[in-house]
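The values are calculated or read from the model by the stated rules, or taken from the named source; none is laboratory data. Keep in mind the model is a prediction, meaning the values are calculated, not measured. Note that each Cβ is placed from the backbone with ideal geometry, even for glycine, and that neighbours are counted across all protein chains shown.
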Amino acid sequence: MQLLASEEYGLRCLLRVAGAGDGAPVPVREVARAEGLSPDYAAKLLRQLRLAGLVRSVRGAEGGYRLARPAAEISVWSALQALGGEFYDDEFCTCHAGQRRRCARSPDCSLRPLWRALQDATREALERIHVGDLRRDERAMTEWLADRSLIHIEGV
């Protein structure tokens, strides 16, 4: 499993928009500059988040993006879904058939239940973490996660 760059950068853009405490729209150029992204890439990510109903665009000279609902109501899972989709889906097996047309393990695969279980555990954990929760520094976030037993982090 691997987090896609678009998911990482998209979450960072979403957090930047959520950081506008007064709800004022955050211009794409400001998001891009703050996150070290090109304005075109930041605009693409914010568009995906808008299409998923997580942010709203505001037109005009004072325009930009604002959250579509409170940060405490936007799960990390919903953001990842908007930006990249499932970590594992049923199409996974068709993409990893090796040199064959069909995977050699397709009729009876011990790996498929493992990937599904990991997908379910990941989804369940990330549905309980919201954008508002991510507005902590790294140490506070590590402690918060450890206190909730959502995710075990070594060294805490």
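Would you point out the residue of segment 58-81, among those that are in contact (Cβ under 8 Å) with a residue 24 or more places away in the chain and small (Gly, Ala, Ser), that is surrounded by the most Cβ atoms within 10 Å (Cβ to Cβ)?
Step one: filter segment 58-81 for residues in contact (Cβ under 8 Å) with a residue 24 or more places away in the chain, giving 58, 62-67, 70-81.
Then keep just the ones that are small (Gly, Ala, Ser); that gives 63-64, 71-72, 75, 78-79.
Values: Gly63: 13, Gly64: 21, Ala71: 18, Ala72: 12, Ser75: 18, Ser78: 18, Ala79: 25.
If we take residues in segment 58-81 being in contact (Cβ under 8 Å) with a residue 24 or more places away in the chain and small (Gly, Ala, Ser), then Ala79 is surrounded by the most Cβ atoms within 10 Å (Cβ to Cβ).
Of the residues Leu150, Leu145, only one is at pLDDT below 95 and crowded, with 17+ Cβ neighbours inside 10 Å; which? Let's see the steps before the verdict.
Numbers: Leu150 fails: crowded, with 17+ Cβ neighbours inside 10 Å.
Leu145 is the lone residue from the list that is at pLDDT below 95 and crowded, with 17+ Cβ neighbours inside 10 Å.
Does segment 73-82 hold any residues that are part of a helix (DSSP H, G or I) and either among the basic types (Lys, Arg) or in contact with a strand residue (DSSP E or B) (Cβ under 8 Å, 6 or more places away or on another chain) (or both), and which are they? Reasoning before the result, please.
Residues of segment 73-82 that are part of a helix (DSSP H, G or I), as a first pass: 73, 76-82.
Once the filter is applied, which keeps residues that are part of a helix (DSSP H, G or I) and either among the basic types (Lys, Arg) or in contact with a strand residue (DSSP E or B) (Cβ under 8 Å, 6 or more places away or on another chain) (or both), segment 73-82 yields Glu73, Val76.
Between residues in segment 129-156 that are farther than 15 Å from Arg12 by Cβ and part of a loop (DSSP other than H, G, I, E, B) and residues that are acidic (Asp, Glu) and modelled with pLDDT of 90 or more, which pairs lie under 8 Å by C-beta distance while being six or more apart or on different chains?
Val156/Glu143
Among what's in segment 104-129 and is of a type in the set (Gly, Ala, Ser) and surrounded by 12 or more Cβ atoms within 10 Å (Cβ to Cβ), pick the residue that is modelled with the highest pLDDT.
Going through segment 104-129, the residues of a type in the set (Gly, Ala, Ser) turn out to be 104, 106, 110, 117, 121, 125.
With the extra rule that they be surrounded by 12 or more Cβ atoms within 10 Å (Cβ to Cβ), the set shrinks to 106, 125.
Values: Ser106: 60, Ala125: 89.
Checking each candidate, the answer is Ala125.
Does segment 16-45 hold any residues that are hydrophobic (A, V, I, L, M, F, W, C) and surrounded by 17 or more Cβ atoms within 10 Å (Cβ to Cβ), and which are they?
Our first condition is that a residue be hydrophobic (A, V, I, L, M, F, W, C); within segment 16-45, this holds for 17-18, 20, 24, 26, 28, 31-32, 34, 37, 42-43, 45.
Of everything in segment 16-45, those that are hydrophobic (A, V, I, L, M, F, W, C) and surrounded by 17 or more Cβ atoms within 10 Å (Cβ to Cβ) turn out to be Val17, Ala18, Val26, Val28, Val31, Ala32, Leu37, Ala42, Ala43, Leu45.
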